[in-house]
1. Could we say that Asp131 is of a type in the set (D, E, K, R), surrounded by 17 or more Cβ atoms within 10 Å (Cβ to Cβ) and assigned to a strand (DSSP E or B) here?
2. Just to check your reading of the model, which residue among Ala144, Ala123, Ala96 is in contact (Cβ under 8 Å) with a residue 24 or more places away in the chain, in contact with a Gly (Cβ under 9 Å, 6 or more places away or on another chain) and crowded, with 19+ Cβ neighbours inside 10 Å?
3. Six or more apart or on different chains, Cβ under 9 Å: which pairs go from a residue in the range 151-170 that's hydroxyl-bearing (Ser, Thr, Tyr) to one that's assigned to a strand (DSSP E or B)? Could you list them?
4. Of the conditions (1) modelled with pLDDT of 95 or more; (2) surrounded by fewer than 14 Cβ atoms within 10 Å (Cβ to Cβ), Lys108 satisfies every one except a single condition; which number is it?
5. Would you mind stating whether Gln164 is among the polar types (S, T, N, Q) and more than 23 Å from Met90 (Cα to Cα)?
6. Looking for something touching a strand residue (DSSP E or B) at 6+ places or on another chain (Cβ under 6 Å), assigned to a strand (DSSP E or B) and within 20 Å of Ala87 (Cβ to Cβ) - is there at least one such residue anywhere in the range 114-126?
7. Collect the residues in the range 75-107 that are on the phi > 0 side of the Ramachandran plot and touching a helix residue (DSSP H, G or I) at 6+ places or on another chain (Cβ under 9 Å), keeping them in residue-number order.
8. I'd like the residue in the range 147-178 that is within 20 Å of Ala68 (Cβ to Cβ) and surrounded by 17 or more Cβ atoms within 10 Å (Cβ to Cβ) and, out of all such residues, is nearest to the chain's Cα centre (by Cα).
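The values are calculated or read from the model by the stated rules, or taken from the named source; none is laboratory data. Source: prediction; values computed, not measured. Positions of Cβ are backbone-derived with ideal geometry, glycine not excepted, and every protein chain shown enters the neighbour counts.
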Amino acid sequence: MAAEVSRSFFAAGFVSGYDERVVRDLRYSVRIQLQLVGLLLSLVASPCVMAAQTAREVATSRMADGTALLRADSLLGAAWDAKDVAAVLMFYDDNALVQWPDDSLRGKPELQEHLTKMFRDPAYRAGGSLDHREMSRSGDLAYAVGKLRYRRTARAAEGAEEVQGAWVVVWRWTSGGWRIVAEMAAAGSIRRIP
């Protein structure tokens, strides 16, 4: 599967123009993230064992209402665009694990502190795309994989920089709706913008 994702980056033109080292690092990063998603899905799913009949009923109702996940993802995107910390946090589990290029966060308090700082950056702008989304057969877990692109104030010099890379998000169905339980993003390249 990692090879398919790596090839899709080439097919989409995402890595065209980058040197071979950046491409190799991005492939490695995506491969590791996909392995982590598999591990996370198995760890998160293990305590969620249900009777076969109940699982089928839940899966049928959630699959039929798969629009709930699409809607949650769309609302999350709008919250990011609006730089609304409270609205973004609504989509994360209380104990969510978030691994971003600059930080490793656990739980909403750490995530809130990081988002507040990030959204105050006048150069900050986020974007990206979704490459793939899949829901478990039981209908209570899903993951999404995509490309990221964001701008921020440059760390080492004046001006701004653009970060490009890949992300993986693991969603879990809760009584309150779909919540992100794990998110990982890896920077493939950082480009200075004067």
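1. Numbers: of a type in the set (D, E, K, R): yes; surrounded by 17 or more Cβ atoms within 10 Å (Cβ to Cβ): yes; assigned to a strand (DSSP E or B): yes.
Yes: the conditions hold for Asp131.
2. Details: Ala144 fails: in contact with a Gly (Cβ under 9 Å, 6 or more places away or on another chain); Ala123 fails: crowded, with 19+ Cβ neighbours inside 10 Å.
Every option except Ala96 fails the conditions.
3. Thr153/Ala160; Thr153/Glu161
4. So Lys108 meets the others, but not (2).
5. Yes: the conditions hold for Gln164.
6. Yes: one or more hits.
7. Passing the criteria: only Lys83.
8. If we filter the range 147-178 for residues that are within 20 Å of Ala68 (Cβ to Cβ), which is where we start, we get 169-178.
If we keep only those that are surrounded by 17 or more Cβ atoms within 10 Å (Cβ to Cβ) too, we end up with 169-173, 178.
Working: Val169: 3, Val170: 7, Trp171: 9, Arg172: 13, Trp173: 16, Trp178: 14 Å.
The extreme case among them is Val169.
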